[in-house]
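Step one of this worksheet: look at the structure below.
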Amino acid sequence: MNIHEYQAKALLREYGVAVPRGEVAWTPEEAEQAARAIGGELWVVKAQIHAGGRGKAGGVRLARSPEEVRQIAAELIGKRLVTHQTGPEGRIVKRVLVEEGSRIARELYLGCVVDRATGRVTFMGSAEGGVEIEEVAARSPEKIVRVAVDPATGFMPYVGRRLAFAFGLEGARVRETVALCEGVHRCFVEKDASLVEINPLVVTEDGRLLALDAKMNFDDNGLFRRPEIVEMRDLDEEDPLEVEASRHGLNYVRLDGNIGCMVNGAGLAMATMDIIKLHGAAPANFLDVGGGTNRERVAAAFRLLLSDPRVEAVLVNIFGGIVRCDVIAEGIVAAAREVSLDVPLVVRLEGTNVEQGRRILAESGLAITAAEDLEDAARKVVELAGKAA
(Lines give C-alpha, C1' and ligand atoms only; values in the text may rest on other atoms or scores of the structure.)
Protein backbone atom coordinates (compact mmCIF):
# COMPACT_ATOMS: atom_id res chain seq x y z
CA MET A 1 0.00 0.00 0.00
CA ASN A 2 1.23 3.49 -0.89
CA ILE A 3 0.46 6.82 0.75
CA HIS A 4 0.86 10.44 -0.30
CA GLU A 5 3.92 12.57 0.37
CA TYR A 6 2.18 14.74 2.97
CA GLN A 7 1.09 11.61 4.86
CA ALA A 8 4.60 10.15 4.76
CA LYS A 9 6.04 13.40 6.10
CA ALA A 10 3.52 13.46 8.92
CA LEU A 11 4.65 9.95 9.94
CA LEU A 12 8.32 10.86 9.73
CA ARG A 13 7.70 13.97 11.83
CA GLU A 14 6.29 11.72 14.57
CA TYR A 15 9.67 9.97 14.68
CA GLY A 16 11.72 13.13 14.94
CA VAL A 17 12.65 13.54 11.27
CA ALA A 18 12.77 17.21 10.25
CA VAL A 19 10.43 18.09 7.38
CA PRO A 20 9.39 21.47 5.95
CA ARG A 21 6.34 23.18 7.41
CA GLY A 22 3.40 22.51 5.14
CA GLU A 23 -0.33 21.98 4.79
CA VAL A 24 -2.42 19.95 2.35
CA ALA A 25 -5.06 21.82 0.34
CA TRP A 26 -8.01 20.54 -1.68
CA THR A 27 -8.95 23.86 -3.26
CA PRO A 28 -7.05 26.93 -4.52
CA GLU A 29 -8.57 28.93 -1.67
CA GLU A 30 -7.27 26.48 0.91
CA ALA A 31 -3.84 26.60 -0.75
CA GLU A 32 -3.70 30.40 -0.42
CA GLN A 33 -4.80 30.19 3.21
CA ALA A 34 -2.10 27.59 3.87
CA ALA A 35 0.58 29.83 2.39
CA ARG A 36 -0.50 32.75 4.58
CA ALA A 37 -0.53 30.50 7.67
CA ILE A 38 2.95 29.14 6.90
CA GLY A 39 4.35 32.60 6.24
CA GLY A 40 7.61 33.54 4.57
CA GLU A 41 8.45 34.76 1.09
CA LEU A 42 8.73 31.53 -0.89
CA TRP A 43 6.44 28.49 -1.11
CA VAL A 44 6.44 25.19 -2.96
CA VAL A 45 3.17 23.81 -4.39
CA LYS A 46 3.37 20.05 -4.93
CA ALA A 47 0.78 17.86 -6.67
CA GLN A 48 -0.14 14.86 -4.51
CA ILE A 49 -0.37 11.66 -6.54
CA HIS A 50 1.08 8.18 -6.02
CA ALA A 51 3.88 8.56 -8.55
CA GLY A 52 7.39 9.87 -8.84
CA GLY A 53 8.71 12.29 -11.44
CA ARG A 54 6.21 15.00 -10.50
CA GLY A 55 8.75 17.79 -10.74
CA LYS A 56 9.73 16.96 -14.32
CA ALA A 57 6.03 16.81 -15.24
CA GLY A 58 5.27 20.27 -13.86
CA GLY A 59 3.71 19.00 -10.65
CA VAL A 60 6.13 20.81 -8.31
CA ARG A 61 6.29 24.58 -8.66
CA LEU A 62 7.61 27.60 -6.76
CA ALA A 63 5.46 30.57 -5.76
CA ARG A 64 6.52 33.95 -4.40
CA SER A 65 3.19 35.18 -3.08
CA PRO A 66 0.06 33.63 -1.57
CA GLU A 67 -1.82 34.79 -4.66
CA GLU A 68 0.59 32.88 -6.88
CA VAL A 69 0.16 29.81 -4.66
CA ARG A 70 -3.58 30.04 -5.31
CA GLN A 71 -3.02 30.40 -9.06
CA ILE A 72 -0.69 27.39 -9.24
CA ALA A 73 -3.05 25.28 -7.13
CA ALA A 74 -5.92 26.19 -9.49
CA GLU A 75 -3.81 24.99 -12.43
CA LEU A 76 -2.82 21.71 -10.74
CA ILE A 77 -6.00 20.59 -8.97
CA GLY A 78 -8.12 18.63 -11.41
CA LYS A 79 -5.25 18.34 -13.89
CA ARG A 80 -4.20 14.97 -15.33
CA LEU A 81 -0.51 14.73 -14.45
CA VAL A 82 1.53 12.37 -16.62
CA THR A 83 4.91 11.19 -15.33
CA HIS A 84 7.22 8.32 -16.25
CA GLN A 85 5.64 6.31 -13.43
CA THR A 86 1.95 6.96 -14.17
CA GLY A 87 1.97 5.75 -17.76
CA PRO A 88 0.31 7.71 -20.57
CA GLU A 89 -3.06 7.73 -18.79
CA GLY A 90 -1.64 9.86 -15.95
CA ARG A 91 -3.31 10.62 -12.61
CA ILE A 92 -5.84 13.28 -11.68
CA VAL A 93 -4.50 15.70 -9.05
CA LYS A 94 -7.07 16.10 -6.28
CA ARG A 95 -4.97 17.88 -3.67
CA VAL A 96 -1.72 19.79 -3.33
CA LEU A 97 0.85 20.18 -0.59
CA VAL A 98 1.85 23.77 0.16
CA GLU A 99 5.23 24.00 1.90
CA GLU A 100 7.65 26.65 3.00
CA GLY A 101 10.52 27.21 0.58
CA SER A 102 13.98 25.95 1.58
CA ARG A 103 17.40 27.34 0.78
CA ILE A 104 19.24 24.25 -0.40
CA ALA A 105 23.00 23.82 -0.18
CA ARG A 106 23.18 20.10 -1.06
CA GLU A 107 20.84 17.30 -2.13
CA LEU A 108 21.32 13.75 -0.85
CA TYR A 109 19.46 10.45 -1.18
CA LEU A 110 18.36 8.19 1.69
CA GLY A 111 16.30 5.02 1.42
CA CYS A 112 15.35 2.21 3.78
CA VAL A 113 14.18 -1.19 2.46
CA VAL A 114 14.33 -4.89 3.24
CA ASP A 115 17.23 -6.46 1.35
CA ARG A 116 15.77 -9.75 0.13
CA ALA A 117 19.25 -11.21 -0.33
CA THR A 118 20.12 -10.85 3.37
CA GLY A 119 16.67 -10.57 4.94
CA ARG A 120 17.77 -7.42 6.76
CA VAL A 121 16.51 -3.87 6.92
CA THR A 122 19.05 -1.96 4.86
CA PHE A 123 19.78 1.73 4.36
CA MET A 124 20.87 3.03 0.98
CA GLY A 125 22.48 6.43 0.67
CA SER A 126 24.03 8.55 -2.03
CA ALA A 127 25.58 11.97 -2.17
CA GLU A 128 23.70 12.40 -5.46
CA GLY A 129 20.14 13.18 -4.42
CA GLY A 130 17.29 14.78 -6.31
CA VAL A 131 17.49 12.31 -9.20
CA GLU A 132 16.14 8.80 -9.67
CA ILE A 133 18.26 6.38 -7.66
CA GLU A 134 17.99 3.95 -10.58
CA GLU A 135 19.88 6.47 -12.72
CA VAL A 136 22.66 6.71 -10.14
CA ALA A 137 22.82 2.92 -9.84
CA ALA A 138 23.13 2.53 -13.61
CA ARG A 139 25.59 5.38 -14.13
CA SER A 140 27.72 5.30 -10.95
CA PRO A 141 26.89 2.32 -8.73
CA GLU A 142 29.94 3.00 -6.60
CA LYS A 143 28.24 6.20 -5.38
CA ILE A 144 25.55 4.21 -3.54
CA VAL A 145 26.44 2.99 -0.05
CA ARG A 146 24.45 0.21 1.62
CA VAL A 147 24.41 -0.37 5.38
CA ALA A 148 22.41 -3.25 6.88
CA VAL A 149 20.91 -3.20 10.37
CA ASP A 150 21.78 -6.28 12.39
CA PRO A 151 18.48 -7.72 13.71
CA ALA A 152 20.28 -9.01 16.81
CA THR A 153 21.21 -5.51 17.97
CA GLY A 154 18.72 -3.32 16.17
CA PHE A 155 19.73 0.11 14.94
CA MET A 156 23.20 1.16 16.09
CA PRO A 157 24.76 4.64 15.71
CA TYR A 158 27.47 3.36 13.36
CA VAL A 159 24.80 2.89 10.66
CA GLY A 160 24.07 6.61 10.62
CA ARG A 161 27.75 7.53 10.88
CA ARG A 162 28.67 5.42 7.84
CA LEU A 163 25.96 7.14 5.84
CA ALA A 164 27.01 10.59 7.06
CA PHE A 165 30.62 9.95 6.06
CA ALA A 166 29.43 8.71 2.65
CA PHE A 167 27.52 11.99 2.29
CA GLY A 168 30.68 13.93 3.16
CA LEU A 169 29.13 15.43 6.29
CA GLU A 170 31.10 16.54 9.34
CA GLY A 171 30.64 17.64 12.95
CA ALA A 172 27.11 18.23 14.15
CA ARG A 173 25.69 17.04 10.83
CA VAL A 174 27.02 13.53 11.59
CA ARG A 175 25.12 13.38 14.88
CA GLU A 176 22.06 14.77 13.10
CA THR A 177 22.30 12.03 10.47
CA VAL A 178 22.49 9.35 13.16
CA ALA A 179 19.33 10.69 14.85
CA LEU A 180 17.53 10.99 11.51
CA CYS A 181 18.40 7.43 10.47
CA GLU A 182 17.31 6.07 13.85
CA GLY A 183 13.94 7.80 13.43
CA VAL A 184 13.54 6.43 9.90
CA HIS A 185 14.38 2.92 11.11
CA ARG A 186 11.89 3.06 13.99
CA CYS A 187 9.19 4.31 11.63
CA PHE A 188 10.03 1.57 9.11
CA VAL A 189 9.81 -1.25 11.67
CA GLU A 190 6.95 0.00 13.83
CA LYS A 191 4.69 0.81 10.87
CA ASP A 192 5.43 -2.37 8.86
CA ALA A 193 6.82 -0.35 5.98
CA SER A 194 8.37 -1.93 2.91
CA LEU A 195 10.00 1.32 1.73
CA VAL A 196 10.92 4.67 3.23
CA GLU A 197 12.58 6.96 0.70
CA ILE A 198 13.73 10.54 1.21
CA ASN A 199 14.79 12.05 -2.10
CA PRO A 200 16.09 14.59 -1.76
CA LEU A 201 17.33 14.75 1.79
CA VAL A 202 18.78 18.25 1.76
CA VAL A 203 21.38 20.16 3.70
CA THR A 204 20.07 23.72 3.96
CA GLU A 205 22.25 26.81 3.76
CA ASP A 206 22.02 27.17 7.54
CA GLY A 207 23.26 23.59 7.98
CA ARG A 208 20.06 21.68 8.79
CA LEU A 209 19.12 18.24 7.46
CA LEU A 210 15.62 18.33 6.00
CA ALA A 211 13.46 15.66 4.34
CA LEU A 212 12.36 17.67 1.33
CA ASP A 213 10.41 14.78 -0.18
CA ALA A 214 9.20 11.49 1.25
CA LYS A 215 7.76 8.28 -0.09
CA MET A 216 6.48 5.34 1.94
CA ASN A 217 5.10 1.93 0.98
CA PHE A 218 3.68 -0.63 3.41
CA ASP A 219 3.52 -4.41 3.57
CA ASP A 220 -0.10 -5.33 2.83
CA ASN A 221 0.27 -8.40 5.05
CA GLY A 222 0.84 -6.17 8.08
CA LEU A 223 -2.07 -3.79 7.53
CA PHE A 224 -4.42 -5.82 9.77
CA ARG A 225 -2.48 -4.50 12.77
CA ARG A 226 -2.01 -0.96 11.43
CA PRO A 227 -5.50 0.59 11.24
CA GLU A 228 -3.97 4.07 11.39
CA ILE A 229 -2.12 3.29 8.13
CA VAL A 230 -5.18 1.77 6.47
CA GLU A 231 -7.02 5.05 7.11
CA MET A 232 -4.47 6.77 4.86
CA ARG A 233 -5.34 4.59 1.88
CA ASP A 234 -6.48 6.60 -1.14
CA LEU A 235 -8.61 4.35 -3.33
CA ASP A 236 -8.74 7.03 -6.04
CA GLU A 237 -5.02 6.41 -6.62
CA GLU A 238 -5.46 2.67 -7.14
CA ASP A 239 -6.73 0.69 -10.09
CA PRO A 240 -10.50 0.10 -9.55
CA LEU A 241 -10.13 -3.57 -10.53
CA GLU A 242 -7.34 -4.07 -8.00
CA VAL A 243 -9.47 -2.41 -5.32
CA GLU A 244 -12.38 -4.73 -6.14
CA ALA A 245 -10.04 -7.74 -6.06
CA SER A 246 -8.79 -6.82 -2.59
CA ARG A 247 -12.37 -6.84 -1.30
CA HIS A 248 -12.60 -10.52 -2.23
CA GLY A 249 -9.14 -11.47 -0.96
CA LEU A 250 -7.77 -11.96 -4.48
CA ASN A 251 -4.19 -11.29 -5.53
CA TYR A 252 -4.70 -9.23 -8.68
CA VAL A 253 -2.40 -6.93 -10.64
CA ARG A 254 -3.56 -5.31 -13.84
CA LEU A 255 -1.19 -5.52 -16.81
CA ASP A 256 -1.20 -4.27 -20.40
CA GLY A 257 -1.99 -7.40 -22.40
CA ASN A 258 -5.14 -8.97 -23.87
CA ILE A 259 -5.26 -12.45 -22.29
CA GLY A 260 -7.09 -12.64 -18.97
CA CYS A 261 -5.53 -15.17 -16.59
CA MET A 262 -7.03 -16.93 -13.58
CA VAL A 263 -4.63 -19.29 -11.82
CA ASN A 264 -4.19 -20.80 -8.35
CA GLY A 265 -0.72 -20.24 -6.96
CA ALA A 266 1.70 -17.39 -7.63
CA GLY A 267 4.35 -19.60 -9.23
CA LEU A 268 1.87 -21.20 -11.61
CA ALA A 269 0.50 -17.75 -12.42
CA MET A 270 3.97 -16.52 -13.37
CA ALA A 271 4.57 -19.61 -15.51
CA THR A 272 1.19 -19.07 -17.20
CA MET A 273 2.04 -15.48 -18.06
CA ASP A 274 5.44 -16.54 -19.39
CA ILE A 275 4.01 -19.16 -21.73
CA ILE A 276 1.41 -16.71 -23.04
CA LYS A 277 4.26 -14.36 -23.92
CA LEU A 278 6.14 -17.28 -25.48
CA HIS A 279 3.21 -17.85 -27.85
CA GLY A 280 3.15 -14.22 -29.00
CA ALA A 281 0.48 -12.58 -26.81
CA ALA A 282 0.57 -10.75 -23.47
CA PRO A 283 -1.27 -11.30 -20.18
CA ALA A 284 -3.88 -8.72 -19.15
CA ASN A 285 -3.36 -9.43 -15.47
CA PHE A 286 -1.79 -11.46 -12.72
CA LEU A 287 -4.60 -13.17 -10.79
CA ASP A 288 -3.98 -15.78 -8.10
CA VAL A 289 -7.21 -17.09 -6.55
CA GLY A 290 -5.23 -18.84 -3.82
CA GLY A 291 -5.05 -22.38 -2.56
CA GLY A 292 -8.09 -22.29 -0.28
CA THR A 293 -10.56 -20.59 -2.56
CA ASN A 294 -14.30 -21.28 -2.89
CA ARG A 295 -17.00 -21.03 -5.54
CA GLU A 296 -17.92 -17.44 -4.63
CA ARG A 297 -14.34 -16.21 -4.84
CA VAL A 298 -13.84 -17.92 -8.20
CA ALA A 299 -16.99 -16.28 -9.51
CA ALA A 300 -15.78 -12.89 -8.26
CA ALA A 301 -12.42 -13.46 -9.96
CA PHE A 302 -14.10 -14.37 -13.21
CA ARG A 303 -16.31 -11.27 -13.15
CA LEU A 304 -13.19 -9.21 -12.46
CA LEU A 305 -11.43 -10.58 -15.53
CA LEU A 306 -14.34 -9.96 -17.85
CA SER A 307 -14.86 -6.40 -16.61
CA ASP A 308 -11.53 -5.42 -18.22
CA PRO A 309 -12.36 -4.18 -21.75
CA ARG A 310 -8.91 -5.10 -23.02
CA VAL A 311 -9.45 -8.83 -22.40
CA GLU A 312 -9.99 -10.64 -25.70
CA ALA A 313 -9.80 -14.18 -24.28
CA VAL A 314 -9.54 -15.84 -20.88
CA LEU A 315 -7.27 -18.67 -19.75
CA VAL A 316 -8.11 -20.53 -16.54
CA ASN A 317 -5.21 -22.69 -15.41
CA ILE A 318 -5.89 -24.66 -12.25
CA PHE A 319 -3.85 -27.38 -10.59
CA GLY A 320 -6.13 -28.79 -7.92
CA GLY A 321 -4.49 -29.59 -4.62
CA ILE A 322 -6.15 -27.92 -1.66
CA VAL A 323 -8.63 -26.27 -4.02
CA ARG A 324 -10.73 -28.85 -5.90
CA CYS A 325 -11.26 -28.69 -9.64
CA ASP A 326 -15.02 -29.18 -9.30
CA VAL A 327 -15.25 -26.10 -7.05
CA ILE A 328 -13.38 -24.07 -9.66
CA ALA A 329 -15.62 -25.37 -12.43
CA GLU A 330 -18.80 -24.47 -10.52
CA GLY A 331 -17.52 -20.94 -9.97
CA ILE A 332 -16.59 -20.52 -13.62
CA VAL A 333 -19.99 -21.70 -14.82
CA ALA A 334 -21.88 -19.49 -12.37
CA ALA A 335 -19.89 -16.39 -13.25
CA ALA A 336 -19.95 -17.01 -17.02
CA ARG A 337 -23.75 -17.27 -16.97
CA GLU A 338 -24.08 -14.17 -14.81
CA VAL A 339 -21.96 -11.90 -17.02
CA SER A 340 -22.98 -13.37 -20.38
CA LEU A 341 -19.60 -14.65 -21.57
CA ASP A 342 -18.71 -12.99 -24.88
CA VAL A 343 -14.99 -13.77 -25.21
CA PRO A 344 -13.27 -17.14 -25.82
CA LEU A 345 -12.61 -19.15 -22.67
CA VAL A 346 -9.92 -21.83 -22.41
CA VAL A 347 -9.76 -23.98 -19.28
CA ARG A 348 -7.02 -26.34 -18.20
CA LEU A 349 -7.78 -28.39 -15.08
CA GLU A 350 -5.56 -30.94 -13.36
CA GLY A 351 -5.51 -32.46 -9.90
CA THR A 352 -8.13 -33.16 -7.24
CA ASN A 353 -11.59 -34.01 -8.65
CA VAL A 354 -10.44 -33.10 -12.15
CA GLU A 355 -12.91 -35.46 -13.86
CA GLN A 356 -15.86 -33.95 -11.97
CA GLY A 357 -14.64 -30.49 -12.87
CA ARG A 358 -14.34 -31.33 -16.56
CA ARG A 359 -17.82 -32.87 -16.53
CA ILE A 360 -19.33 -29.75 -14.97
CA LEU A 361 -17.78 -27.60 -17.71
CA ALA A 362 -18.79 -29.99 -20.50
CA GLU A 363 -22.40 -30.17 -19.33
CA SER A 364 -22.73 -26.41 -18.75
CA GLY A 365 -23.73 -25.66 -22.33
CA LEU A 366 -21.18 -22.81 -22.41
CA ALA A 367 -18.63 -22.26 -25.16
CA ILE A 368 -15.62 -23.49 -23.20
CA THR A 369 -12.48 -24.82 -24.89
CA ALA A 370 -10.78 -27.57 -22.92
CA ALA A 371 -6.98 -27.89 -22.89
CA GLU A 372 -4.91 -30.98 -22.19
CA ASP A 373 -1.89 -29.24 -20.69
CA LEU A 374 -0.38 -25.77 -20.20
CA GLU A 375 1.28 -25.69 -23.61
CA ASP A 376 -1.98 -26.63 -25.29
CA ALA A 377 -3.91 -24.08 -23.24
CA ALA A 378 -1.57 -21.21 -24.13
CA ARG A 379 -1.58 -22.06 -27.83
CA LYS A 380 -5.38 -22.25 -27.95
CA VAL A 381 -6.08 -19.06 -25.99
CA VAL A 382 -3.67 -17.00 -28.11
CA GLU A 383 -5.16 -18.39 -31.29
CA LEU A 384 -8.73 -17.69 -30.16
CA ALA A 385 -7.85 -14.18 -29.00
CA GLY A 386 -6.43 -13.45 -32.45
CA LYS A 387 -9.65 -14.58 -34.11
CA ALA A 388 -11.80 -12.60 -31.66
CA ALA A 389 -9.84 -9.43 -32.35
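The values are calculated or read from the model by the stated rules, or taken from the named source; none is laboratory data. The structure presented is a predicted model; accordingly, all values stated were derived computationally and were not measured. Methodologically, a virtual Cβ is constructed for each residue, glycine included, from the backbone with ideal geometry; neighbour enumeration extends over all protein chains shown. Calculation scope for accessible area: heavy atoms of the full protein, side chains included, ligands and nucleic acids excluded. Shrake-Rupley method; radii C 1.70, N 1.55, O 1.52, S 1.80 Å.
Can you tell me what percent of all Cα-Cα pairs in the stretch 1-133 are more than 21 Å apart?
47 percent
If you split all Cα-Cα distances of the chain into 20 Å bins from zero, what percentages do you get per bin, shortest first?
Percent of Cα pairs in each bin: 24, 44, 27, 4.
Can you tell me the accessible area per residue over the chain, all protein chains present, probe 1.4 angstrom, in square angstrom?
Accessible area per residue, the chain: 46 Å².
List the residues whose amide H sits under 5 Å from the amide H of ASN258, counting only those 5 or more places along or on another chain, with H placed 1.01 Å from N in the peptide plane.
ALA282, ALA284
Would you please state which residues of the stretch 12-45 a label at THR204 would reach in this model, taking the label point 7 Å out along Cα→Cβ and a backbone N cut-off of under 11 Å?
Taking a point 7 Å out along Cα→Cβ of THR204, the residues of the stretch 12-45 whose backbone N falls under 11 Å are 18-21.
Give me the percent of the accessible area of the chain that comes from carbon and sulfur atoms, probe 1.4 Å, all protein chains in place.
C and S atoms contribute 50 percent here.
Please check: in the Gaussian network model of the chain (C-alpha springs, under 10 Å), which one of GLY280, GLY260, GLY59 has the largest mean-square fluctuation.
Maximum fluctuation in the GNM of the chain, among the listed residues, is at GLY280.
In nanometres, what is the gap between the two model label sites at GLU296 and ASN221, each 7 Å from Cα along Cα-to-Cβ?
In this crude spin-label approximation the distance works out to 2.6 nm.
Debye sum, Cα scatterers, the stretch 1-47, no solvent: what log₁₀ I/I(0) at q = 0.13, 0.20, 0.23, 0.24 1/Å?
For the stretch 1-47, the Cα-only Debye profile gives -0.33, -0.74, -0.92, -0.97.
Express in nm, to one decimal, how much length is gained between GLU128 and VAL243 on full extension, taking 0.36 nm for each residue of separation and deducting their alpha carbon distance.
Net length gain for the segment: 37.8 nm.
How much length would be gained if the chain were fully extended between ASP150 and ASP234, taking 0.36 nm per residue of separation minus their Cα-Cα distance, in nm to one decimal?
Once the chain is fully extended between ASP150 and ASP234, it gains 26.9 nm.
Taking the chain as a Gaussian network, Cα atoms linked when under 10 Å apart, which of GLY119, GLY58, GLY160 shows the biggest mean-square fluctuation?
Of GLY119, GLY58, GLY160, the Gaussian network model singles out GLY119 as fluctuating most.
May I ask you to compute the full-extension gain from TYR158 to ALA137, defined as 0.36 nm times their residue separation minus their alpha-carbon distance, rounded to one decimal in nm?
5.2 nm
For the stretch 169-214 and the stretch 318-389, what is the centre-to-centre distance using only Cα atoms, to the nearest Å?
Here the answer is 53 Å between Cα centres.
Starting from the 7 Å offset along Cα-to-Cβ, what nm value, one decimal, do you get for the label separation of VAL339 and ARG64?
5.6 nm
At a Förster radius of 41 Å, what calculated FRET efficiency corresponds to the Cβ-Cβ distance of ALA37 and ARG175, to the nearest 0.05?
Computed FRET efficiency for ALA37 and ARG175: 0.80.
Starting from a Cα-only point model with no solvent, please compute log10 I(q)/I(0) by Debye for the stretch 323-389 at q = 0.11, 0.13, 0.19, 0.27 1/Å.
The Cα Debye sum returns log10 ratios of -0.25, -0.35, -0.74, -1.23.
Could you check how many percent of all C-alpha pairs in the stretch 202-258 are farther apart than 17 Å?
Of all Cα-Cα distances in the stretch 202-258, 59 percent exceed 17 Å.
Between GLU75 and ARG13, what's the calculated FRET efficiency when r is the beta-carbon distance and R0 is 22 Å? Round to 0.05.
0.20
Give the long-range amide H neighbours of GLY265: residues separated by 5 or more places, or on another chain, with amide H under 5 Å away, using H modelled in the peptide plane at 1.01 Å from N.
VAL289, GLY290
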